[in-house]
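Peer 1: Got a structure for you, questions after.
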Amino acid sequence: MLNSVKRGFTRSAGIAIAALAAGFIAAAPAQAGPTLDKIKERGVIKVGVGSQAGFFAPDANGRWQGFFVDFGRALAITVFNDPDKVEFTNSSPQQRLPALQAGQFDILLSAVTQTITRAFKLNFHFGPVVFYDGQGILVKKSLGVTKAAELDGATIGVQSGTTGEQNIADFFKKTGKTYKSVVIEDTATFTQALTSGRVDALTQDGTDLGLRRAALPNPDEYVLLPERLSKEPLAPAVLGGDDRWLEIVNWTVYATIQAEEFGITSQNVDTFLTSDDPAIKRFLGVDPSLGQAIGLDPKFAYNIIKKVGNYGEIFERNLGKSTKIGFERGLNNLWTQGGLIYSPPFR
Ligand SMILES: N[C@@H](CCC(=O)N[C@@H](CS)C(=O)NCC(=O)O)C(=O)O
């Protein structure tokens, strides 16, 4: 009798301890990690950005808008369920990498190219590529050049601290032609160098040049040459050593992509709440088991989609055909549509 009572007690205590432990393991990760702790204490995520309208720029009311900005807002939703608990600070390409290293930012959402040197030498970890870009060259139409290979002896403006600085050197080594580089740090003077005639051409990420061209009063007088000199996979960058923070970044971006794969938008997300599809139930938190298991708000993906939208909406709103920027999706289309945008499973 005593024995069976004792056994019973031991078993239920064992179950309770196991349940507690499981609960602890499930709940702990969202709190763990120095970056997230710091962010929660501060009450805001610090994000380093550039200043190109379409990617990142304050609007007339001083509120930051843009493709990369929207991923910052999505991140603030994952962490705080509030798209405004995020502080965007413009930092030049030259300064933003050391600033991330020094802990002045929690993340760069500033069109940073993922490279092996930045991973190993700077100790950066990269989230999912949010934009597949390539380096371009912008010239004045009056120069009469129609392809990059025709440039010989040209003076070319490069933005300091960028991958473009190195790529252009590689390009001219390959073509065997000569060029003179003018290294410019300040973003505003970068465009002016071309419009004032100080340089014959500018080289930078193709989209950056496209955005600069679109912002000029006379865009038709400038040509973005057709070649792309490099691969520029643009990804969120965080400092290495905090896996938990990196995973929060990863799955925040993936949530926007997975929503597009499911056909879930900010407009129709509520109609999916009654879906019988178990994957959609898990994704939107109708079935809270996934969120509980990973220690995030089970509705984090729902909240992101409702307030910011899916990847395609973010792209279209800021850069797409309905904007004056008018970018094609191209490589930035879903993998099911011939692009490279792909989410791992939410399970
Ligand atoms: N992807 C390149 C270039 C990044 C870059 O310079 N991006 C542009 C924006 S698209 C920029 O930050 N320009 C300066 C600014 O916007 O303040 C790199 O990682 O080195």
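The values are calculated or read from the model by the stated rules, or taken from the named source; none is laboratory data. Since this is a predicted model, take the numbers as computed values, not measurements. Quick reminder, even Gly has a Cβ in these numbers, built from the backbone with ideal geometry, and neighbours come from all protein chains shown. What goes into the accessible areas is simple: the full protein's heavy atoms, side chains included, and nothing from ligands, DNA or RNA. Shrake-Rupley method; radii C 1.70, N 1.55, O 1.52, S 1.80 Å.
Peer 1: How far apart, in nanometres, would the label points at Thr175 and Arg228 be if each is projected 7 angstrom from Cα along the Cα-to-Cβ direction?
Peer 2: 1.9
Peer 1: Can you give the net charge of the other residues whose Cβ lies under 13 Å from the Cβ of Leu290, counting K and R as +1 and D and E as -1?
Peer 2: +2
Peer 1: For a label point 7 angstrom out from the Cα of Tyr342 toward its Cβ, which stretches of the range 246-262 have the backbone nitrogen within less than 15 Å?
Peer 2: Backbone N within reach: 254, 257-258, 261.
Peer 1: Right, next: Hey, can you grab everything whose amide H is under 5 Å from the amide H of Phe131? Only 5+ residues off in sequence or another chain; H modelled, so Pro and N-termini drop out.
Peer 2: Residues meeting the amide H criterion: Leu234.
Peer 1: Still on this structure, please answer the following. Please arrange Tyr302, Tyr132, Tyr311 by accessible surface area, largest first, computed with a 1.4 Å probe and ligands excluded.
Peer 2: If we order Tyr302, Tyr132, Tyr311 from most to least accessible, we get Tyr132, Tyr302, Tyr311.
Peer 1: Follow-up question, since we're still on this one. Please give, to one decimal in nm, the separation of the simple spin-label points placed at Leu122 and Arg198, each 7 Å out from Cα toward the Cβ.
Peer 2: Roughly 2.4 nm, to one decimal.
Peer 1: DSSP beta bridges in the chain, what fraction antiparallel, as a percent rounded to 5?
Peer 2: Antiparallel bridges make up about 50 percent of those DSSP assigns within the chain.
Peer 1: What number comes out for the charge environment of Ser322, summing +1 per Lys or Arg and -1 per Asp or Glu over other residues with Cβ under 14 Å away?
Peer 2: Result for the neighbourhood of Ser322: +1.
Peer 1: If the cut-off is 22 Å between C-alpha atoms, which lysines fall inside it for Lys147, apart from same-chain ones fewer than 8 positions away?
Peer 2: Straight-line reach from Lys147, under 22 Å: Lys173, Lys174, Lys177, Lys180, Lys231.
Peer 1: If you build a Gaussian network model of the chain, linking Cα atoms that sit under 10 Å apart, which residue out of Gly72, Gly326, Gly136 swings the most?
Peer 2: Maximum fluctuation in the GNM of the chain, among the listed residues, is at Gly326.
Peer 1: Using 7 Å Cα-to-Cβ label points, what is the Gln95/Trp335 separation (nm, one decimal)?
Peer 2: Calculated label separation equals 4.0 nm.
Peer 1: OK, next. Hand me the GluC sites (Glu not before Pro) from the range 251-347 located in a DSSP loop with no more than 12 other Cβ atoms within 10 Å, in residue order please.
Peer 2: For GluC sites (Glu not before Pro) across the range 251-347 that sit outside H, G, I, E and B with at most 12 neighbouring Cβ atoms in 10 Å, the list reads Glu328.
Peer 1: Mean residue ellipticity at 222 nm from the helices of the chain, using -39,500 (n - 2.57) per DSSP H segment of n ≥ 4 over the full residue count, to the nearest 500 deg cm²/dmol?
Peer 2: -13000 deg cm²/dmol
Peer 1: For the chain, count the residues as N, evaluate 2.2 N^0.38 Å, and divide the Cα radius of gyration by that value, please.
Peer 2: Relative to the rule-of-thumb radius for its length, the chain sits at 1.17.
Peer 1: A further question on this structure: Per residue, what accessible area does the chain have, given a 1.4 Å probe and all protein chains present, in Å²?
Peer 2: Heavy-atom accessible area per residue stands at 47 Å².
Peer 1: Lys307: which lysines have alpha carbons under 23 Å from its alpha carbon, excluding same-chain residues fewer than 8 sequence positions away?
Peer 2: Lys40, Lys46, Lys85, Lys281, Lys299, Lys321
Peer 1: So which trypsin sites (Lys or Arg not before Pro) in the range 61-120 end up in coil per DSSP with only 15 or fewer other C-beta atoms within 10 Å?
Peer 2: Arg63
Peer 1: Gap in Å between the Cα centre of the range 133-204 and the Cα centre of the range 92-118?
Peer 2: 23
Peer 1: For Ala188 and Asp152, calculate 0.36 nm times their separation in residues minus their Cα-Cα distance, and state this gained length in nm to one decimal.
Peer 2: Value of the extension gain: 10.4 nm.
Peer 1: Report, in order of residue number, the helices in the chain meeting two criteria: a C-alpha extent of 30 Å or more along the helix axis, and a mean Kyte-Doolittle hydropathy of at least 0.0; treat each whole DSSP H run as one helix.
Peer 2: Span-like helices, by this rule, are 2-31.
Peer 1: What residue among Val145, Val49, Val286 has the largest mean-square fluctuation in a Gaussian network model of the chain, using Cα springs under 10 Å?
Peer 2: Val145
Peer 1: Percent of accessible area on the range 135-230 owned by carbon and sulfur, 1.4 Å probe?
Peer 2: Carbon and sulfur: 49 percent of the exposed surface of the range 135-230.
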